[in-house]
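Okay, structure first, notes after.
The values are calculated or read from the model by the stated rules, or taken from the named source; none is laboratory data. What you see is a predicted model, and the numbers here were worked out from it, not measured in a lab. Glycine gets a Cβ as well: all are built from the backbone with ideal geometry, and neighbour counts include every protein chain shown.
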Amino acid sequence: MVPMQPRSPVEVHRASTPLELLFDLVFVVAVALASARLHHGIVENHVGHAIVSFVMVFFPIWWAWMNFSWFASAYDTDDVPYRLLTMLQLAGALTLAAGVPSAFETQDFLVSTLGYVLMRIALVLQWSRAWRADPPRRKVIARYIIGLILAQSGWLALLVLPPSIKMIGFITLATLELFIPYWAESAGQSTPWHPEHIVERYGLFTIIVLGESILSASMAIQAAMKAGALDAKMLYLIAGGVLIVFSMWWSYFQQVEHKITESMRNLFFWGYGHFFIFASAAAVGAGIAASVDAALGLTQASQQVTNAAIALPAAIFSLSLGLVHGRLRQAGPVRKAFCLMMLAIVSTIWLDSAVFWIGVSMATYLGFKLAVNRSITV
């Protein structure tokens, strides 16, 4: 066992480790289950319930992943104790994922909560190692430990509270969780996270959530062929799904200049703003799957509902990405084109072949933006 000394924030060629990639793999399962349950809620026309459940499940998935990634960026020693505690976090993530179906179906969050708390206990133990090995930051680290313990006590208490106040309890505890890093980092010398490493980690999680849309497009082809319904309507849907996913990917990774070191305010806006990027990207996959069911006549929801299930997440993704990456600050034709794209996406709620037209709108805007940027740099 080596002392958990802080990593250098200017370390050259800092990249994700195999252990971090294994950690991501577990979260692929959790995100897939959450997206699948949202899809089922939409096609069963239980949209409100499905959205609330999705948010309540996706938040701990995202937050646990994010906390692990930022801690690893600052203190990853990759020794035996670190790996064993990460294994404990993996076990918690699997437990959280196993509880997703019951959370959606019966609002029973027992299994998911226990999995989440297990992950957080492991993180407290990791922070305790850092506290012993990093005296200059002990005040900051102590606040992390205190905040985590208080929050987990709250999550466990929420399990026995009356159902009527559980939503209020969830919002309160989620707010507390979000406040802990800000409270801790403001206590003194901040933790030494690595900017390029964090950007890479967020990019990898973006790939994970986009994978749900790719899976949905693949399942659309499979379902259509099985039902003998690979007609023009289904081909439009598949083409639209591919355009949406590729446009989302290209937009996220196009000339990535994440200015996350300017100030604590910008840092937290960038980090927390990704919740909407990740959640909406995962929801796009559920929306595409719901559109496939609608095309095959397997849904109880109306056309407007299934169209909205893909249009609104796509719009939220585009808006969140523009705000988080600071691309909407630029005036001129690109911003006007963005507004037209947003209007076009929302308008597809009342159109046939909505997935196709959403894909066309996003791809057209992307092409226009690339052309304008190229003309500026030439």
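Okay, residues lined up against (1) buried (at least 16 other Cβ atoms within 10 Å of the Cβ); (2) more than 19 Å from the chain's Cα centre (by Cα); (3) closer than 27 Å to residue 114 by Cβ:
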| position | (1), (2), (3) |
| --- | --- |
| 155 | yes, yes, yes |
| 161 | no, yes, yes |
| 165 | no, yes, yes |
| 177 | yes, no, yes |
| 180 | yes, yes, yes |
| 183 | no, yes, yes |
| 194 | yes, yes, no |
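Kindly evaluate residue 217 against the criterion of being touching a Phe, Trp or Tyr at 6+ places or on another chain (Cβ under 6 Å) and either assigned by TED's automatic domain parsing to the domain that holds residue 32 or crowded, with 17+ Cβ neighbours inside 10 Å (or both). Full working, then the answer.
On the way: touching a Phe, Trp or Tyr at 6+ places or on another chain (Cβ under 6 Å): no; either assigned by TED's automatic domain parsing to the domain that holds residue 32 or crowded, with 17+ Cβ neighbours inside 10 Å (or both): yes.
No; evaluated as a whole, the condition is false for this residue.
Could you please give the count of residues in region 113-156 that are without any contact (Cβ under 8 Å) to a residue 12 or more places away in the chain and either farther than 17 Å from residue 182 by Cα or in a loop (DSSP other than H, G, I, E, B) (or both)?
2
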